[in-house]
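Q: One structure, as structure tokens, below. Some questions next.
Values in this text are rule-based calculations from the coordinates and carry no lab data. Note that this is a predicted model, so its numbers are computed, not measured. Cβ coordinates were reconstructed from backbone atoms using ideal geometry, including for glycine residues, and neighbour counts include every protein chain displayed.
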Amino acid sequence: MRILIRGGRVIDPASGRDAPGDVWVADGRIAPPGGTPERTVEAKGLVVAPGLIDLSARLREPGYEYKATLESEMDAAIAGGVTSLACPPDTDPPLDEPGLVDMLRRRAKALALARVYPIGALTVKLQGARLTEMSELAAAGCVAFSQANAPFTDTQVLWRALQYAATFGYRVWLRVEDPWLAKGGVAHDGEVATRLGLPGIPPFAETIALGTLLELVRATGTRVHVCRLSTAAAVAMMRAAKKEGLPVSCDVGIHHVHLSDMDLGFYDSHCRLDPPLRSQRDREALAAALADGTIDCAVSDHTPVDEDGKHVPFAEAESGATGLELLLPLTLKWARERKLALATALARVTSDAARVLGSPSGRIEPGAPADIVVFDPEAPFRVTPETLRSQGKNSPFMGYELAGRVRATVVAGKLVYEC
Amino acid sequence: MKPLPDAELLLPKLAAGLRPHVTPASAMIGLYTGGAWLAERLHALLPMKDPLGLMDIAFYRDDYSKQGLKHDPKRTKIPFDVEGRDLLLVDDVLYTGRTVRAAMNELFDYGRPRSIALVVLADRGGRQLPICPQYCGAQVEVPEGMRLRLKRDPGGKLRLELERAA
Amino acid sequence: MQRNPQLNANGELQHLLSIEGLPRDTLLQILDTAEPFADVTEREVKKVPLLRGKSVFNLFFEPSTRTRTTFEIAAKRLSADVINLNIALSSQTKGESLLDTVANLSAMQADIFVVRHASSGAPYLIARHVKPHEHVINAGDGRHAHPTQGLLDLYTIRHYKKDFSRLTVAIVGDVLHSRVARSLIHGLTTLGAPEVRVIGPQTLLPAGVEALGVRVFHDMRAGLKDCDVVVMLRLQNERMSGALLPSAQEYFMNYGLTAEKLALARRDAIVMHPGPMNRGVEIDSSVADGPHSVILPQVTFGIAVRMAVMSIVAGN
């Protein structure tokens, strides 16, 4: 179908272009202007940008269908302007078998909504003991391998897994948290946790694990993406590692750029996240590093949790927040607060994320896949259980009004969402 | 409207009425706050065997469910055994009678007196319970929406005053 | 974010969840109200009719005989009906959720829930879900708070020392895991005690504890010098297996209160302990039973303080 997106403010973060214009779509790609459009999307007063690429969104299938299903979460994705998302392997069973990966890709493809990039398990059952059949998984469609939030206790297995992945040029995405230092912890180990009487996870649980990982990267040359940074100290280590020329990238959960442990308030279990929300100083360092590019991209880390998982005392609650539909407004909020050019801000959830993912999307230029989002950066979005399409209503921003509403989403040249 | 009676003039009158009836079995208890002031003065004017008892009825009020514990309750101190005594219960103003009912309930939790006589400076009528004073300084008419209170100035002089009801 | 859930719209105490966040006047009101209740316990008829017809449900998710008993005594002295529910943690996680348990009890016309739970913050969750006329009193949540214990400790200190504004108070032991310590620290700082010290090994002191307004000492002798009040915390056996301490004997050597160490404090210093005591671990018998110890009076004061708390919240 030929689509014309007319009269919008076209932003292509990859090239830095930010100018009024029209965008033409044909045969699933961005097309040169001309011809008669079968659909026209009026984009006057709106921003036209590459569709968002979310490097971590849990779809809860297979295994956790009572928390959410592919249908509801993909619905949430396109309503949030997310056209590609990477799904961590911590499903049930975990994505350690080609058959499971295949089934997930087929289900997603059949829905024909957002593109799903499964991240394969690095070890069998994510147990950190035996390597998975990475080549088989890659053939089934995995673009990288990860342990999700499962810890690595055996550093020798970690070393071997990195070596094996490096052999074939596979990317490895890893959280960095020392499981012994983090054991029993549910919040950032600091004044707030002390006051609230919550067991803490010290910041050096992250930096010690990161130091270990960086040393192994030096030895193996594996392309590693560090997931969900949470401390200022880890940011400094990543800055140095990049300067050194190590093949590393990193991301931050969009919630960690806005919230700190002060937001726990009176034990708000919606603020129980993994990694934990840390101090104001850490938050500030993460927000600044995302701005200057030390942190390559922001992710939603979308984790739908049902009421039973959250309406319990803080330390017993399941961690995670719903976020697919909030990635755009929260990114815009961060950009506004740091007075960033919209093109730079959007890069962190489009072109930069595409680079980490190895995806050709994330650009608006002729020939690129037609994954586009049209949004109103000023229109308010009130976060309520009714306005959220995800089955997960667990958000620290529940009841807030955020600016940024998606008006249309195009995936692979198809108009999949309009509002 | 009639002027309020002078508390300082009523006091010796009350004491004179009580004096013939005071025996070694008698003991006096004043109710905070106005009754306590009054009782202190009376106790000094009468041949009481034991020191003065002072009582706060906060824990025996019947309006707790509606009002809660409104004021910081003072400590009830009864420095004598209540058992078998002829008690003189002293309060400043008698109105609905509920304060006296609460005081009697509290007294019975300390023991079983032989008798209780009620001594008040002013009776403003408006009883809601079958309670009456045995010794009364004066009957006072109180206009609608007003409260009758006993005040004590820094020099120790007592006087009756009208104020707006809350 | 959220309003302080302990206070209602008029700023009156409707739940007692933590000493932290309570205005100074509210704390003083509770201490002042406890005094006449202390007298009630001296009388022959140790009851007042204040809470007659009201039901107090003791919801203890963590086992406890002492605290539960004192709450029961306090409630009965207020003429309330008391129902005890000892819900062992394991059966609770197998079956009903915390909120379902509370909802079922609400349906049985509860007025006050006295809650003890192993998870910090549990009473806040409950307070968010009870009906307007229902009140929650925290009898200890995880390592967060034990406000009635903190209040009775403050009452005890005030009884013997009168004026908080000149006191040096030392809290000795496992502050990391102690809800009693946290509550007492908040109470002392709110009431203006100029110097509050915590004494213990680094393994037993929480991160950022100075931010609570205390001075940290690792050397007990230095920390006890010139103290007016010494509060000894209980050391639990689990601390040895968690790689926090090598042994009870070594702990006693470094942090146990002996007569010799106590001599470094002021001559009229008082010694307190929330109980139950581990004699020979955190405190020597000669001190526990000695002239400086006010450990037994603490228990009596605890009943009066709990009566005061219940009367105040149930009336708001």
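Q: Name the residue, out of C:33, C:67, that is under 30 Å from residue C:164 (Cβ atoms), in contact with a helix residue (DSSP H, G or I) (Cβ under 7 Å, 6 or more places away or on another chain) and buried (at least 21 other Cβ atoms within 10 Å of the Cβ).
A: Of C:33, C:67, the one residue that is under 30 Å from residue C:164 (Cβ atoms), in contact with a helix residue (DSSP H, G or I) (Cβ under 7 Å, 6 or more places away or on another chain) and buried (at least 21 other Cβ atoms within 10 Å of the Cβ) is C:33.
Q: To continue, here is another question. Can you tell me how many residues in region B:44-89 are not charged (D, E, K, R) and not in a loop (DSSP other than H, G, I, E, B)?
A: Result for region B:44-89: 14.
Q: Continuing with the same structure: If you go through region B:64-85 one residue at a time, do you hit one that is touching a residue at least 60 places away in the same chain (Cβ under 8 Å), surrounded by 14 or more Cβ atoms within 10 Å (Cβ to Cβ) and more than 10 Å from chain C (Cβ to nearest Cβ)?
A: Looking for residues that are touching a residue at least 60 places away in the same chain (Cβ under 8 Å), surrounded by 14 or more Cβ atoms within 10 Å (Cβ to Cβ) and more than 10 Å from chain C (Cβ to nearest Cβ), one finds at least one in region B:64-85, hence yes.
Q: Have a look at B:42, B:18 and point out the one that is buried (at least 23 other Cβ atoms within 10 Å of the Cβ), away from chain C (no Cβ under 14 Å), under 16 Å from the mean Cα position of the chain (by Cα) and in contact (Cβ under 8 Å) with a residue 24 or more places away in the chain.
A: Of the residues listed, the single one that is buried (at least 23 other Cβ atoms within 10 Å of the Cβ), away from chain C (no Cβ under 14 Å), under 16 Å from the mean Cα position of the chain (by Cα) and in contact (Cβ under 8 Å) with a residue 24 or more places away in the chain is B:42.
Q: Separate question: Filter region B:100-131 down to residues that are part of a loop (DSSP other than H, G, I, E, B) and within 14 Å of chain C (Cβ to nearest Cβ) and give me whichever is surrounded by the fewest Cβ atoms within 10 Å (Cβ to Cβ).
A: B:112
Q: Moving on to the next point. Among the residues of region A:378-417, how many are over 20 Å from the mean Cα position of the chain (by Cα), crowded, with 19+ Cβ neighbours inside 10 Å and aromatic (Phe, Trp, Tyr)?
A: 2
Q: Restricting to region A:297-330, and then to whatever is within 14 Å of chain C (Cβ to nearest Cβ) and part of a helix (DSSP H, G or I), can you tell me which residue is surrounded by the most Cβ atoms within 10 Å (Cβ to Cβ)?
A: A:314
Q: Name the residue, out of A:67, A:44, A:109, that is in a loop (DSSP other than H, G, I, E, B), without any contact (Cβ under 8 Å) to a residue 40 or more places away in the chain and either more than 23 Å from the chain's Cα centre (by Cα) or more than 23 Å from residue A:355 (Cβ to Cβ) (or both).
A: That would be A:44, the only listed residue that is in a loop (DSSP other than H, G, I, E, B), without any contact (Cβ under 8 Å) to a residue 40 or more places away in the chain and either more than 23 Å from the chain's Cα centre (by Cα) or more than 23 Å from residue A:355 (Cβ to Cβ) (or both).
Q: Restricting attention to region A:82-98, and to residues there that are among the charged types (D, E, K, R) and over 15 Å from the mean Cα position of the chain (by Cα), which single residue is surrounded by the fewest Cβ atoms within 10 Å (Cβ to Cβ)?
A: Only one residue fits best here, namely A:92.
Q: Would you point out the residue of region C:94-135, among those that are within 15 Å of the chain's Cα centre (by Cα) and in a strand (DSSP E or B), that is farthest from the other protein chains (Cβ to nearest Cβ)?
A: The extreme case among them is C:114.
Conditions tested, residue by residue: (1) basic (Lys, Arg); (2) buried (at least 19 other Cβ atoms within 10 Å of the Cβ).
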position: A:7; (1), (2): no, no
position: A:30; (1), (2): no, yes
position: A:39; (1), (2): yes, no
position: A:43; (1), (2): no, yes
position: A:63; (1), (2): no, no
position: A:76; (1), (2): no, yes
position: A:80; (1), (2): no, yes
position: A:100; (1), (2): no, yes
position: A:104; (1), (2): no, yes
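Q: Would you kindly identify the helices (runs of 4 or more DSSP H) lying entirely within region C:156-256 that contain at least 2 residues that are among the polar types (S, T, N, Q) and within 14 Å of chain A (Cβ to nearest Cβ)?
A: So the answer is C:179-190.
Q: Next up: Considering region C:50-60 alone, what residues qualify as being in contact with a Phe, Trp or Tyr (Cβ under 7 Å, 6 or more places away or on another chain), facing another protein chain (nearest Cβ under 9 Å) and either surrounded by fewer than 15 Cβ atoms within 10 Å (Cβ to Cβ) or not in a loop (DSSP other than H, G, I, E, B) (or both)?
A: Scanning region C:50-60 gives no hits.
Q: Can you report the number of residues in region C:24-49 which are more than 10 Å from chain B (Cβ to nearest Cβ) and free of Cβ contacts under 8 Å to residues at least 60 places away in the same chain?
A: Within region C:24-49, residues that are more than 10 Å from chain B (Cβ to nearest Cβ) and free of Cβ contacts under 8 Å to residues at least 60 places away in the same chain number 3.
Q: Tell me which residues, restricted to region C:137-155, are over 24 Å from residue C:292 (Cα atoms) and more than 14 Å from every other protein chain (Cβ to nearest Cβ).
A: C:137, C:139
Q: Does residue C:82 meet the test of being more than 14 Å from chain B (Cβ to nearest Cβ), more than 25 Å from residue C:120 (Cβ to Cβ), touching a residue at least 12 places away in the same chain (Cβ under 8 Å) and not in a helix (DSSP H, G or I)?
A: yes
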